[in-house]
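Engineer: Got a structure here, written out as structure tokens. Questions coming.
The values are calculated or read from the model by the stated rules, or taken from the named source; none is laboratory data. None of the values given here were measured: they were computed from a predicted structure. As a convention, Cβ positions derive from the backbone with ideal geometry for all residues, glycine included, and neighbour counts pool all protein chains shown. Areas reflect the complete protein model, heavy atoms only, side chains present, ligands, DNA and RNA absent. Shrake-Rupley method; radii C 1.70, N 1.55, O 1.52, S 1.80 Å.
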Amino acid sequence: MTAVRPPVPPFTEATARAKVQAAEDAWNTRDPERVALAYTEDSVWRNRDRFLTGRAEIRAFLAEKWARELDYRLRKELWAYTGNRISVRFEYEWHDADGQWWRSHGNEQWEFDDDGLMRRREASINDIPIEEDERRLTEHA
């Protein structure tokens with residue numbers, strides 16, 4: 001039996017905003033197990049130039065991502081919604097093992113099943129190097 005992950009489609013502005021906030025909160029835990037539960041077992045992703053299918057691949061991808069993107073901090077913003085789809089813009093900051101800080105800007109399109117699990121995610125992301133004192137996304141921001 002599939003778990004229901006409220007809010008479920010069709011989305012209103014309020015439920016779309018709640019879905020976006022829940023995603024932001026989950027991703028900021030940097031816990032691949034927790035984050036992967038928001039996706040269907042056969043979820044299809046495009047993340048930059050990577051194509052993934054299923055929770056196991058998503059979980060592995062996220063573990064690799066957060067091992068590389070240190071002190072990751074994310075903000076998401078609702079861009080648009082309709083029926084079972086939500087579009088967001090986001091930015092996140094992180095540093096690599098050499099101490100170089102980065103700000104990553106992107107857009108995502110999400111499609112959900114009737115139980116509120118994401119079955120499709122398309123993400124386009126660009127990275128720019130920043131200095132640590134240029135960070136905008138901190139625990140206190």
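Engineer: Tell me the residue from THR82, THR40, THR138 that is at pLDDT below 95 and among the β-branched types (Val, Ile, Thr), please.
Structural biologist: On the way: THR82 fails: at pLDDT below 95; THR40 fails: at pLDDT below 95.
Answer to the check: THR138.
Engineer: Further question: Every residue in the stretch 73-91 that is aromatic (Phe, Trp, Tyr) and farther than 24 Å from THR40 by Cβ, please. Before the answer, list the steps.
Structural biologist: Let us first name the residues in the stretch 73-91 that are aromatic (Phe, Trp, Tyr), namely 79, 81, 90.
Answer for the stretch 73-91, where residues must be aromatic (Phe, Trp, Tyr) and farther than 24 Å from THR40 by Cβ: there is none.
Engineer: Does any residue of the stretch 10-19 turn out to be hydrophobic (A, V, I, L, M, F, W, C), in contact with a strand residue (DSSP E or B) (Cβ under 7 Å, 6 or more places away or on another chain) and closer than 25 Å to GLU134 by Cα? Explain how you work it out, then say what you get.
Structural biologist: Initially, the stretch 10-19 is screened for residues hydrophobic (A, V, I, L, M, F, W, C), giving 11, 14, 16, 18.
Narrowing further to those that are in contact with a strand residue (DSSP E or B) (Cβ under 7 Å, 6 or more places away or on another chain): 11, 16.
So of that shortlist, the ones also closer than 25 Å to GLU134 by Cα come out as none.
No, the stretch 10-19 contains no residue that is hydrophobic (A, V, I, L, M, F, W, C), in contact with a strand residue (DSSP E or B) (Cβ under 7 Å, 6 or more places away or on another chain) and closer than 25 Å to GLU134 by Cα.
Engineer: Name the single residue, out of those in the stretch 1-19 being among the β-branched types (Val, Ile, Thr) and more than 23 Å from ARG75 (Cβ to Cβ), that is least open to solvent (accessible area, probe 1.4 Å). Write out each step before concluding.
Structural biologist: Going through the stretch 1-19, the residues among the β-branched types (Val, Ile, Thr) turn out to be 2, 4, 8, 12, 15.
In the following step, the residues that additionally are more than 23 Å from ARG75 (Cβ to Cβ) were identified as 2, 4, 8.
Details: THR2: 73, VAL4: 91, VAL8: 53 Å².
The qualifying residue least open to solvent (accessible area, probe 1.4 Å) is VAL8.
Engineer: Tell me whether the stretch 20-39 contains one or more residues that are touching a residue at least 40 places away in the same chain (Cβ under 8 Å), open to solvent by 60 Å² or more (accessible area, probe 1.4 Å), out of contact with any Pro (no Cβ under 8 Å at 6 or more places or on another chain) and part of a helix (DSSP H, G or I). Can you show your working first?
Structural biologist: Residues of the stretch 20-39 that are touching a residue at least 40 places away in the same chain (Cβ under 8 Å), as a first pass: 20-21, 23-24, 27-28, 30, 38-39.
From what's left, open to solvent by 60 Å² or more (accessible area, probe 1.4 Å): 21, 30.
Now narrow it down to the ones that are out of contact with any Pro (no Cβ under 8 Å at 6 or more places or on another chain): 21, 30.
Subsequent filtering for residues that are part of a helix (DSSP H, G or I) retains 21.
Looking through the stretch 20-39, at least one residue is touching a residue at least 40 places away in the same chain (Cβ under 8 Å), open to solvent by 60 Å² or more (accessible area, probe 1.4 Å), out of contact with any Pro (no Cβ under 8 Å at 6 or more places or on another chain) and part of a helix (DSSP H, G or I).
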